[in-house]
1. By the gyration tensor of its Cα atoms, with a ≥ b ≥ c the square roots of the eigenvalues, what is the shape of region B:1-134: rounded for a/c under 1.5, prolate for a/b over b/c, or oblate?
2. Would you work out the relative contact order for region A:48-191, in percent, from Cα pairs under 8 angstrom that are 6 or more residues apart?
3. So if each residue of separation counts as 0.36 nm, and I subtract the Cα-Cα distance between residue B:66 and residue B:197, what length gain in nm does that give?
4. Do the sum for chain B: with -39,500 (n - 2.57) for every DSSP H run of n ≥ 4, divided by all residues, what is the mean residue ellipticity at 222 nm, to the nearest 500 deg cm²/dmol?
5. For A:173-182, what's the mean count of beta carbons from other chains sitting within 10 Å of each residue's beta carbon?
6. Can you order the peptides A:86-93, A:47-54, B:234-241, B:74-81 by their average number of other Cβ atoms within 10 Å per residue, highest first?
7. Distance in nm between label sites at residue B:183 and residue B:154, each 7 Å beyond Cα in the beta-carbon direction?
8. Within region A:255-296, name every residue whose backbone N is under 18 Å away from a label modeled 7 Å from Cα of residue A:241 along the Cβ vector.
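Taken together, the values in this text are just the output of simple stated rules run on the coordinates, not laboratory data. The structure presented is a predicted model; accordingly, all values stated were derived computationally and were not measured. Don't worry about glycine lacking a Cβ; one is built from the backbone with ideal geometry, like all the others, and counts go over all protein chains shown.
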């Protein structure tokens, strides 16, 4: 009875928040409720088919509808999708294999620059013949190639260090990410490979192969308006593929080997698991995910420069995995969505609100202490600029109070 | 070739100064690794904290107008002593708050907590300075006697501040060696590093020794921070990140857990970096310049891990099982 009540309540909440977000597309609070309703949908006790249908409908129909009213929501959806894919990639490395990778963004950068260099006039600088930029149709080939490229760089980096103690890996990956950033920052001479700190633009977007069909059906949409929807569905498809692959890997022989290594390396090798080879595989798999997401990111952004690939990006993705729960696929998705929303909507919103308070000239009056004019609030105090503090707190508090994360993986038994 | 020979002594001095800084920071990493087998990722923030304590004291003295009146030696003693004490205490507090609750948890958990502590401290320091001074890029007030130079030969002019760094660091390193090898407490630290369980059976208060290790390592980091500030002037909350990684590289280079190794590793890395920064562009005709000096340190780290993972002097930690 109580289960049925809970389910009913949840559905009312989901329907209500959807309606709110739909009727008031400018309301940030409404959109937040809509986002949390997806989580409610995941947790509610209901038949799987119903949940899948509702979730699919929300993602496939409702978000684009909201996006047509307020394009910023599509942007948030795309960002969340990109981070979900990244977090799932890192989840393989940190969550399944138990290898701390602090330089995950390096592989992301490699993928992004891979498409950026060849999908823009940049490659003409070192390949004679004016072949570049490549036509948009090459995008999907590069997406596939970037998977191989990411796996290859992962192997090259992993080979020397995966034999060593685990915590050396953290520092080496961190160093590697800094090396990659230093390289893309400085390889504008002697040969201009990356255009240095100025970055690369314009990067070719993926092909609009479906445009003839749209025209056939008589739909006339300007390209600039079509792209956000296109990217949204592309990212959604990509995330779907990544979730599927991760889910399949998790329960496969390989996934079980990874978890065995994570729990006890010695016991795993005694069971005949090739420890180093399995670790390399996990490391390379995570790297190839990140690299492919990088290609998507470059095509979406049109402009990239080394600033997009700092250490904080790696930490942000790590915080997503930790928050959701190491080794848990739904956890990684929740963590990615949560941290992205926190960064894009909550912290920025708080900053704007504080700024408005500052300008309004109101005063904060506390009993006994006196009144404090808010216009004197230091300008330096802007929540959006303190993401390190937020991420740091997430990491420490989660490790001390709930190391298994918000949505921990289903375990057969406790270790 | 002319230029290469001419700048050689100057580069050597720069390298030695850098080497002593790395050595001092590396001690914090290596000592903590020795007793706890974990990378104290937030050590670079302890280093920065030392630099900030120094600059705050100097700025306060300057604002009070007493900086010029006091004897320079007294000012130096005050600044160095205060930053060592505060950094050491901060390192102890960090251990108490962020690491001790995780005692016995998997190593990954403690490491992630350390990364979190590092980020939190960076922005915490930024927040504090932003509210207090409305900026977080601080400049050390110039001290006249530190800017003097001593001409040793015709083309080697050494500023007094470089001599200060070298002398202070040398004294502290010798003192630390005596402390660890010749005193009862130092023996306790080494005993805990070898085997904490047996050490506790021998009546050593293991937790207290761990706290003490954090204090000593933190004080050395704070000293490095204040020397860094006095030498290079400009500090901000994020300036510890790169020196921190390099100092860790130095600790691995010398053999982690090994105190003389950290000193040697720091010196080797400092010299390598100084020479790479000045000679790389000379050797490659300007194609690659000083901007690659950071890359250089990381390449060194990766190469050591491939060819000699135990470091130059061998590591001194228990057989670790992750």
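1. Numbers: a/c = 2.24, a/b = 1.24, b/c = 1.80.
Cα axes put region B:1-134 in the oblate bin.
2. On the way: 85 pairs, mean separation 36.9, N = 144.
Computed over region A:48-191, the figure is 26 percent.
3. Working: separation 131, 0.36 × 131 = 47.16 nm, distance 5.21 nm.
Taking 0.36 nm per residue and subtracting the Cα distance, the gain is 42.0 nm.
4. On the way: 12 runs with 232 residues, N = 322.
Mean residue ellipticity, 222 nm, calculated: -24500 deg cm²/dmol.
5. Numbers: counts 0, 7, 12, 3, 1, 7, 9, 1, 2, 7.
Mean inter-chain Cβ contacts per residue within 10 Å come to 5.
6. On the way: A:86-93: 29.6, A:47-54: 11.8, B:234-241: 21.0, B:74-81: 16.5.
Most protected by this proxy first, the peptides run A:86-93, B:234-241, B:74-81, A:47-54.
7. Taking the two extended label points, one gets 4.9 nm.
8. Under 18 Å, as judged by backbone N against the label point of residue A:241, lie A:285-296 of region A:255-296.
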